[in-house]
């Protein structure tokens, strides 16, 4: 019986302020990634090792509950999920829908937690009989949208909840909790001072002063510190009410159980140029504060002992792009941060708009930091995936407007992103290899674009992955690194002649932070580990060498033949545009005069047979068309009008050793096996699955004389079938465990051509993930 293991998962983090958390006990980070929760050990190089499935919409908040085995998550589906650790993963123990709308934030403390929702309420949860319950009357009806929460225990029975939302005020509530069945909540104070929405809150215990400090970060770009004193430590001296409100020493006094408490303004921290999005105190309880911002900066703040002024002692991240801010519609910078300590070294993690986590590692005395290998992955549906012609690495496209290259690092056989060939202004839909160094991609525009790998990436893959793309003596014939002009969509090779406007732009870049071309090559070639996010964004683009025009609407699919032909199709609701256009890469990418007609609706998938003699197209009109190819001319063999009862989503050709045989998969839940005769196509076998079939892929070589077919469904399931052409049977041989399958539709499956002890299967999914499975037959 075949067995399967998940070798790699690439999935980006959501753009939310409470999307990630770290559990020091197990050295594990959990973060929201699409509708899943991804688990990652940041101190290792393995990347994401598992994803948890339950939410049906984007995950917005993730928190480990300290000193327990529980993980709690919330999402836009208004569902609160509680997970318990089992081994190195987590299993669902409860899912509740107490909130009416999206859960926006979670704060935890000592076996209890509070949640805030877009319904304007904050609810308190406590563990009772091995289940978490919304406790008694402990619901706060704010009447406003809560964006941030902080929870601090101040004595045995009392907790302080700080709430920030879509006003400039911070709301302080006292929770009195003598036992699980009796919890009371009282609004105690409203802290004023910020000038815009409060995005993040964090408490720390100031042990020497026997008090607590609340840090608040706002869209007004400022951080404010508020000191909470209790009982005998409250200063009862007269307050001068004539002082300015913004820098007032006013005390906000309130009752805490049978005692009392008071908040006072402590400090105003200025330094960020955009929204403050995340705050984390030093986990060793040293009074250092980490802040992240939409200005792409990470700053560590510490109070100067002589002046009492909070100063920036470390600045990480990157220089912000000139003119880019949330005010101009940019969604850059960082969305959340984590601070962890392991073996006396400090690690700072922050996730940004590209879905990746930047990791910074300190020296032994935590004075200086350097970049450390993090993780990356798509942030929207992955639409296509294809293996390189040698079967060594994989390329993917996504609706997050990128194409990415993944390969296994030979040092420890872990998979990493090694290049980001295309960063585009349109959603990416499809791609395919033209030859060993070139690929073609199509997106939500009417143009196909052709790219060629750079010599720096070629050398990097050779050095770190033992992947030789071309003969070593030919590497320097490849283009130099590419750059994407600020106001353009086309990656330009750095050695191309620049137009006047681009030359002026490059001159401006040079005056600011431009990196010369040869330095880019040196940076990449000098790497001894996979590229960091900074490298991926700046130095790993492939130059665009050609644009292919002709279609009237957005590109939906493309395919290449062994002889260098490129077939493509676009969206259509009529036969006029439901055509296949073919380009010849061997003849300056000229379009062939023949346009292949026959379909009535959008063509969903195209594929040439392994020997290039046939072209197969499947469509939303429930038909497939088969064309014979003879010296760049096409002849229709068959237009099957009754192939399936619903949309045909995908098709795949069997290996050449088995003759001209192909498989189709449809929304009618059927997969069908077809054999091509000289002038007709005959149905050989069919079988029905439980869900609509969205992708299908045939292994490039027969196994024991049989065809091996991987099938992906709308539910995210992946099955392996074996087809015996002599007996006309399709037999299910493997169902991949739902524990490791995607949480959304399987957009595309692709087998690697490299066949050793195991088969490698690449999977692109609507759950925003790229996955690589190894299958032992």
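Per the Kirkwood formula applied to alpha carbons, the range 554-776 shows a radius of gyration over Rh ratio, Rg over Rh, of 0.95.
Calculated [222 nm] ellipticity per residue, helices only, for the chain: -1500 deg cm²/dmol; basis is -39500 (n - 2.57) per DSSP H run with n ≥ 4, divided by all residues, nearest 500. The ranking of 737, 695 by Cβ neighbour count inside 10 Å, starting from the fewest, reads 737, 695. Computed from the C-beta positions of residue 253 and residue 688, the FRET efficiency with R₀ = 60 Å rounds to 0.25. Dividing the Cα radius of gyration of the chain by its Kirkwood radius returns 1.02 for Rg/Rh. Remark: the residue 600-residue 315 segment gains 96.8 nm on full extension, using 0.36 nm per residue and subtracting the alpha carbon distance. Each residue, residue 433 and residue 553, gets one label point 7 Å from its Cα in the Cβ direction; the gap between the two is 3.2 nm. Under the simplified labelling scheme, the residue 563-residue 273 pair shows an inter-label distance of 5.6 nm, with each label point 7 Å from Cα along Cα→Cβ. Remark: the residue 584-residue 206 segment gains 129.1 nm on full extension, using 0.36 nm per residue and subtracting the alpha carbon distance.
Maximal additional length on extending the residue 522-residue 86 stretch stands at 152.4 nm, based on 0.36 nm per residue less the C-alpha distance. Compared with the dominant principal axis of the Cα atoms in the chain, helix 500-512 is inclined by about 40°. Once the Cβ-Cβ distance of residue 755 and residue 129 is raised to the sixth power relative to R0 = 56 Å, the FRET efficiency obtained is 0.60. Measuring r between the beta carbons of residue 645 and residue 184 and using R0 = 56 Å, the FRET efficiency lands at 0.35. Taking the fewest neighbouring Cβ atoms within 10 Å as the starting point, the ordered list for 156, 346, 577 is 156, 577, 346. To the nearest ten degrees, helix 455-465 and the longest principal axis of the Cα atoms of the chain are 80 degrees apart.
Quick one: check the C-alpha center-to-center distance for the range 405-452 versus the range 652-719, whole angstrom. Spelled out, the Cα-based centre of one part sits 26 Å from the other.
Each value in this text was obtained by applying a stated rule to the coordinates, not by laboratory testing. Computed from a prediction, not measured in an experiment: that's the story for all the values here. Neighbour counts are summed over all protein chains in view; Cβ atoms, including those assigned to glycine, are modelled from backbone coordinates with ideal geometry.
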